[in-house]
1. Using alpha carbons only, how many degrees (0 to 90, rounded to 10) separate the axis of helix 14-26 from the longest principal axis of the chain?
2. Express the Stokes-Einstein translational diffusion coefficient of segment 171-310 in µm² s⁻¹, to the nearest whole number, given a Kirkwood radius over alpha-carbon pairs, 37 °C and a viscosity of 0.692 mPa s.
3. Report, to one decimal in Å, the Kirkwood hydrodynamic radius for the chain based on all distinct Cα pairs.
4. Among 6, 253, 63, rank each residue by its count of other Cβ atoms within 10 Å, from fewest to most, as a rough exposure measure.
5. If one takes the longest principal axis of the Cα atoms in the chain, at what angle in degrees, from 0 to 90 and to the nearest 10, does the Cα axis of helix 299-308 lie?
6. Taking R0 as 60 Å, what's the FRET efficiency between residue 75 and residue 266 from their Cβ-Cβ distance, rounded to 0.05?
7. So what is the 222 nm mean residue ellipticity for the chain from helices alone, if each DSSP H run of at least 4 adds -39500 (n - 2.57) and you divide by all residues, rounding to the nearest 500 deg cm²/dmol?
8. When every alpha-carbon pair in segment 220-392 is counted, what percent end up more than 19 Å apart?
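Read the figures in this text as sums done on the coordinates, not as results from a lab. Only a predicted model underlies this, so the values are computations on that prediction, with no experimental measurement involved. For neighbour counting, all protein chains shown are included, and Cβ atoms are generated from backbone atoms with ideal geometry for every residue, glycine included.
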């Protein structure tokens, strides 16, 4: 069985999950390859395009972003992808000996909407955000994707060319045959079932895998010593690409919660650690020490950060299946989040962390307090590790994908 995973890059965000799926399958003797536009890893099983083609692909992407995408005026600052331009990928796919083409994050003009419709080989498509059943948006809070996009239901925070309506209409035009859809979270599966575009497409939830033999607890004292953190403080860890710059990740909600926590907690020796953000900003209003440790590209450094913390916080407003929450649990660190998106799949409330009421900063602060003051904290750490091993191990997840492939080929 030969599988080709098509995704924009081999690292960063959703692409990290693809790389893990790919190698989980290879460990089960599946002939798996990753085809990408851009590669940052030294991995012989990842097949990037040539440097010249990559430059050309970047030019195409920037051209669309700086022309057509800019005709849309919107307060939704999450990436928008119209996926207009045809690519060389379809010809390469059709000439390959792959049994199944496994699509992942193929935006930034990697594949056009029409390209996806003319691939003749069997397709499995793992969604890593909402783009497939929306317009050009990757995440949105409005309900057009449920009802169908029209001129009458455009949100009042948008002006200019209705890029989302136009993109959705092109999906309706070209995507006549349902594809096999996989989502990492039950939340995203439910979104697929509720969408106007894909409500009758087959969808299965398969969580993103993690190598639980690699992601495991380190000695907490040694982990703190590595970063020169206090051995006595209660450490709260937050991390995301870009740190607190993405409003979807809810860093502002975390700061509000920490202000409440500072005023109500009996524990006065609390510090916050932030990774993914280099520039230190002043947050003196919360009166807590904040350590900005920048982007941690080395997995060992990430493992040390998770192990050093007493609690991982994921205050996202909207999230599919954040890897930080799974990685933290695999390292034995409980997680506090709002009860949104795929986080309810990851956290078992009051067993491996705390699921706060949606966007309730008081309850979020209560959740952090609950973890830090827990008298059975060792059991909480053990539960977190156990949940990761039992639910998200690469060995289990790869079997689920292999079953999907076999069904598609019979």
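1. Compared with the principal axis, the helix lies near 80 degrees.
2. Taking Rh from Cα pairs, D becomes 181 µm²/s.
3. Roughly 22.3 Å, rounded to one decimal.
4. Ordered from fewest to most neighbouring Cβ atoms within 10 Å, 6, 253, 63 come out as 63, 253, 6.
5. The answer is roughly 40 degrees.
6. Plugging the Cβ-Cβ distance into 1/(1 + (r/R0)^6) gives 0.90.
7. That calculation yields -11000 deg cm²/dmol at 222 nm.
8. For segment 220-392, the share of Cα pairs beyond 19 Å comes to 50 percent.
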